[in-house]
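J.: For reference, the structure I am asking about is given below.
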Amino acid sequence: MRTTLPSEKKSKSKETEINPTLARGIIGMMFLLLAFQVVTFTIHKCSKSTEPTPPPKQEKPAYQATNYRTYKDKSRSKSRSYNAPKRRYNKPSQRTAVRPKRDTASFKQSKPLTHNTVVYKENVRVQVDLNEADSAALIEVKGIGPYFCKKILELRERLGSFADVSQLMEIKGMDEEKLQRIGNQIFVHPSGIKKFSLAEAERKFLSRHPYIGAYNARGIALFIETMGKDSCTLSNLVKNNILSPEAAEKLRPYVIEP
């Protein structure tokens with residue numbers, strides 16, 4: 001068998017021995033870790049103790065916990081408030097107080113009457129001249145709203161003036177029933193009709209007129225160049241197929257013939 005030498009025994013004994021400085025370092029590190037854990041634990045505990053405790057939740061009474069909308073119509077909007085303050089009376093006699101009736105006899109008309117208005121004593125109705133009335137006067141007519149007021153003013157501008165109340169039938173939406181309902185409140189005075197001469201009128205004016213148009217205005221200009229201004233009458237324009245008989249009848253109240 002092999003015998004161990006003394007040098008080998010010394011090397012083995014050195015390997016099994018622990019360095020004392022290394023042991024002290026390990027023990028010191030353990031103490032530091034333990035101290036760090038103790039410090040962090042105490043800081044965490046103190047921070048929890050300093051936090052304010054939230055107030056306890058107060059339970060709502062039974063009459064507030066119930067859904068108030070169950071006592072109301074569910075079809076109403078959510079934005080409507082059901083907590084509107086009720087009207088309170090200082091005295092019990094105020095609850096039975098009756099509002100006094102308005103004295104209609106002492107009622108005074110706020111707006112002064114003009115020359116184109118006529119007042120009836122029975123129904124206090126106002127008649128308006130279509131050729132002189134503005135938008136405010138037309139709105140006061142019962143049955144004429146903002147739409148028909150605008151259309152009436154536009155038609156009067158294109159025609160120059162109204163010759164008859166029946167011309168309102170040319171407005172879109174106007175029917176005989178509505179015209180009869182407002183017919184006793186409006187009228188057309190003959191002095192307000194603006195007349196013109198076909199021979200002297202400008203071609204631009206004739207082309208814009210609803211009863212003539214651009215095509216017929218060109219035909220009238222050619223007719224005047226060939227036949228002269230004296231022969232420019234409604235009957236001659238109808239004979240030469242420049243104007244239709246219906247258009248000539250509509251133009252008759254406006255045209256000044258030579």
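J.: What number in nm² do you get for segment 128-192 if you take the convex hull of its Cα atoms and divide its surface by four?
T.: Answer in nm², one decimal: 3.8.
J.: Tell me whether segment 161-254 comes out rounded, prolate or oblate; compute the Cα gyration tensor, take square roots of the eigenvalues as a ≥ b ≥ c, and use a/c under 1.5 as the rounded threshold. Let's see the in-between values first.
T.: Numbers: a/c = 2.65, a/b = 2.18, b/c = 1.22.
The shape class here is prolate.
J.: Could you work out the percent of alpha carbon pairs in segment 203-251 separated by over 18 Å, rounded to a whole number?
T.: 18
J.: Over 22 Å between Cα atoms: which of K172/K204; K142/K178; K194/K239; K204/K229; K194/K250 fall into that group? Before the final figure, lay out the partial values.
T.: Details: K172/K204 25 Å; K142/K178 10 Å; K194/K239 26 Å; K204/K229 17 Å; K194/K250 14 Å.
From the list (K172/K204; K142/K178; K194/K239; K204/K229; K194/K250), the Cα-Cα distance tops 22 Å for K172/K204; K194/K239.
Every number in this text was worked out from the coordinates using simple rules, so none of it is lab data. Here the structure is a predicted model, which means the values were calculated and not measured.
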